[in-house]
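**Q** Below are the C-alpha cells for one structure; questions will follow.
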Amino acid sequence: MDKKHNNSGLFKIVVLLSLFISVNTMCVAQEKTKSFINFGFQGFEASVNVKLYNDFNLELFGGTGLGYNISEKENGRSGFDVNVGYEKLVPFIKGALKWDFVNNENGRIYLSLQSKYSFGSRSDSYFEKVNLTEINCGIDRFLTKRLLFNGHLGIGYFQGIDINEGGTSLTLGATLKYNIIKF
C-alpha cells in the first residue's frame, strides 16, 4: 500500500470525527439529544440521535466497517456480497429517520427510513462505493442505563456508485450502543 492511499484513509477518519464533534456541538442546546459509540455487525461507529418532534428522531452515523461488492450472479441478476471479516474496514456515513410507534422507559419499537453510503476501498478494488437505502422495523432495548441493544429487519435497495448495478435485499442489523453524552 502506498503512502497516498494511507493518507486518504486517515483523511476520511479525520473528516468523520470532525463531523461527529461538530454535530454534537450544534446539538448541545437541544433537548433530548444523545450521542453513542456503537459496535455491531456493520462495524464501529459514532452516532448522534436528535429528537425532532414527539415520536420522530433523526440519527446520524459515521464509522468504519464491512465493505460491499455488487456482482452479477449466475441467474443474470445483480447480487450483493458483504465482507464478513473485519481485516479490511471501509469508512461509511449513514442517516436514519425513525418513527417510534411504541416508546417507554425500557426502549422503543420503530419504523425507519435509512440511507448508508459506503466509501469503498482504494487499496482493494473488490470493495466498491455503494449506497444502500432501506425501510426497516427495529427495536431499541436498554440493557443498562447507558447500554442499549438495537436490532432491525427490513428491505433495502443497493446501488453501486461507479458501476451500473443494483438490486433489492433483505437487511438485518444488530448493534450494541453505549450512550456517552445525553443532553
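The values are calculated or read from the model by the stated rules, or taken from the named source; none is laboratory data. Values in this document were obtained by computation on a predicted structure and should not be read as measured data. With ideal geometry, Cβ positions are generated from the backbone for all residues, glycine too; neighbour counts draw on all protein chains shown.
**Q** Just to check your reading of the model, which residue among F39, F61, F44 is modelled with pLDDT of 80 or more, aromatic (F, W, Y), crowded, with 19+ Cβ neighbours inside 10 Å and part of a strand (DSSP E or B)?
**A** F61
**Q** Could you check segment 141-152 and list, in sequence order, the residues that are hydrophobic (A, V, I, L, M, F, W, C) and surrounded by 14 or more Cβ atoms within 10 Å (Cβ to Cβ)?
**A** F142, L148, F149
**Q** Being over 17 Å from the mean Cα position of the chain (by Cα) and not in a strand (DSSP E or B) is the filter; apply it to segment 96-120 and report the residue that is modelled with the highest pLDDT.
**A** Step by step, filter segment 96-120, then rank; the result is N106.
**Q** Ok, one more. Please find, among L170, L153, the residue that is assigned to a strand (DSSP E or B), in contact with a strand residue (DSSP E or B) (Cβ under 9 Å, 6 or more places away or on another chain) and within 20 Å of N49 (Cα to Cα).
**A** L153
**Q** Anything in segment 141-150 that is of a type in the set (D, E, K, R) and assigned to a strand (DSSP E or B)? List them, or say none.
**A** The one that is of a type in the set (D, E, K, R) and assigned to a strand (DSSP E or B): R141.
**Q** Continuing with this model, one more query. Kindly provide the set of residues from segment 122-140 that are surrounded by fewer than 20 Cβ atoms within 10 Å (Cβ to Cβ), assigned to a loop (DSSP other than H, G, I, E, B), of a type outside the set (K, R) and in contact (Cβ under 8 Å) with a residue 12 or more places away in the chain, ordered by number.
**A** S123, D124, Y126, listed by residue number.
**Q** Among the listed residues Y117, Y157, Y110, identify the single one that is in contact with a Cys (Cβ under 9 Å, 6 or more places away or on another chain) and in contact (Cβ under 8 Å) with a residue 12 or more places away in the chain.
**A** On the way: Y117 fails: in contact with a Cys (Cβ under 9 Å, 6 or more places away or on another chain); Y157 fails: in contact with a Cys (Cβ under 9 Å, 6 or more places away or on another chain).
Every option except Y110 fails the conditions.
**Q** Residues that are of a type outside the set (G, A, S), at pLDDT 90 or above and in contact with a helix residue (DSSP H, G or I) (Cβ under 8 Å, 6 or more places away or on another chain): does segment 80-95 have at least one?
**A** The answer is yes, given that some residue of segment 80-95 is of a type outside the set (G, A, S), at pLDDT 90 or above and in contact with a helix residue (DSSP H, G or I) (Cβ under 8 Å, 6 or more places away or on another chain).
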